[in-house]
Every structure is written in structure tokens, then in C-alpha cells.
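The structure appears right after this line, and notes come after that.
The values are calculated or read from the model by the stated rules, or taken from the named source; none is laboratory data. Quick caveat, the model's predicted, so the values are computed rather than measured. No Cβ is skipped: glycine too gets one built from the backbone with ideal geometry, and neighbour counts run over all protein chains shown. Heads up: the accessible areas ignore ligands, DNA and RNA and are worked out on the full protein's heavy atoms, side chains in. Shrake-Rupley method; radii C 1.70, N 1.55, O 1.52, S 1.80 Å.
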Amino acid sequence: MPLNKTLLSNRLKDIFEGNDPAQPGEIVFPPDETEAGKKWAEAYKKYAEGAQAGATTPLPPSLTAAQTALAGALAAGFTAAKGVPPPAAVSGLASAMDLAFVAFWMAPPIAFAAPPPPAPPTMAGVVTVAPPGVLSAALIALFTSGVADKKTAAQQADAIATLLDTWTKTVMVVNTPITPPGPPLPPAPLT
């Protein structure tokens, strides 16, 4: 299943509106920056599970480790943003988020394989590019316009999901045949 922007948009909307599937019918917002980071990271990981790079898909253990790191980085960004006035808060948060999403794919690089486990892989892949510095300016513009235009939670969630989806599709993976062995293939973007 390819990357699904609607899935990400819906999960972000639920966070912004306080909808928690574990507590249906109740409005429950993350109580602090740590929990907000965890919710955002969970939403992005669920979205990333659908990624494909040519014939390969991300390995679940790689995504789980990346989710944990993303949660911590986002929580730190949310905390830092609360400590300064706008517009510094907006620009600081946008930069922190940019670094966090790049790190999700690159620190360490997400591993890919085909076919997915438990079958023995015939091809292995690794993320080689997750463009840094691309999300910052776009997030600043998005956050600023969202407040100025009084966008709804759903509109803001969809705008953020669109931005993240567009950027995620620029992440590149190099796949290498294992069985039979062969040279690395040209980089493949995520779909």
C-alpha cells in the first residue's frame, strides 16, 4: 500500500480535535509536549508504514526506532517553542520539526526489504537522502497562515499532511539485489 496522505491528515486532525481512539466520545488532548510528540510520531509512523521504494518496503523495527526518536525530537521542539514569543517560537518549531522528520528517515537510515518479513529478502534497501531544510520555510508559512486565516483543525491537519506527504515523497532509497546478488539500483523515491 503506498503512502496515504489522507491517513496522516485524519490522524493529525484527531490530535488537533482531541479525538483519541482509545477513549471514544471523549475529548482528550495530549496533556503535555511529551505526549504530543508521541501522538505526532505515532501518526507519522502509521503513514510511513505504507511507503514503498521500488519493490521494497520499510522494515517494522526500523520504523519503531524512528518513531521513538521522532517523538522525543518533536517533544523537545514543542517545549522549546513554548519558551519563546512568536515569531521566534514559530521559526524555532519549524526548524525543530524539519530536523526531526529528516532524522526519522536518516538517523539511523530506515532499512527496507523485499519481500517483507518473515520471508527471506531478495532485495535490501536503505534511505540515502531525506532532504534537510525543505520543511522549515514551508512550515513557518503554514503555521502563520493557519492562525491568520483561522483555519479549522481539519484544514490545518490537511495542510500539514500535504506538506509532509510532498516532502516524504522526496526521500530516496537505494535498493540492492541480494538473491541473486547484484549492483545497487538507482535511487528510488518513496511512493
Please work out if Val102 is of a type outside the set (S, T, N, Q), in contact (Cβ under 8 Å) with a residue 24 or more places away in the chain and over 24 Å from Lys151 (Cα atoms).
-> yes
Is at least one residue of segment 45-56 touching a Phe, Trp or Tyr at 6+ places or on another chain (Cβ under 9 Å), over 26 Å from Gln155 (Cβ atoms), open to solvent by less than 40 Å² (accessible area, probe 1.4 Å) and of a type in the set (S, T, N, Q)?
-> yes
For residues that are surrounded by fewer than 19 Cβ atoms within 10 Å (Cβ to Cβ) and in contact with a Lys or Arg (Cβ under 8 Å, 6 or more places away or on another chain), scanning just segment 115-158, find the one that is nearest to Ala48 (Cα to Cα).
-> Ala154
Name every residue in segment 107-122 that is out of contact with any strand residue (DSSP E or B) (no Cβ under 6 Å at 6 or more places or on another chain) and more than 17 Å from Pro177 (Cβ to Cβ), in order of residue number.
-> Ala107, Pro108, Pro117, Pro118
Give the residues of segment 164-191 that are polar (S, T, N, Q), more than 23 Å from Lys46 (Cα to Cα) and open to solvent by 80 Å² or more (accessible area, probe 1.4 Å), sorted by residue number.
-> Thr179
Give the residues of segment 17-71 that are assigned to a helix (DSSP H, G or I) and over 15 Å from the mean Cα position of the chain (by Cα), sorted by residue number.
-> Glu17, Glu33, Thr34, Glu35, Pro61
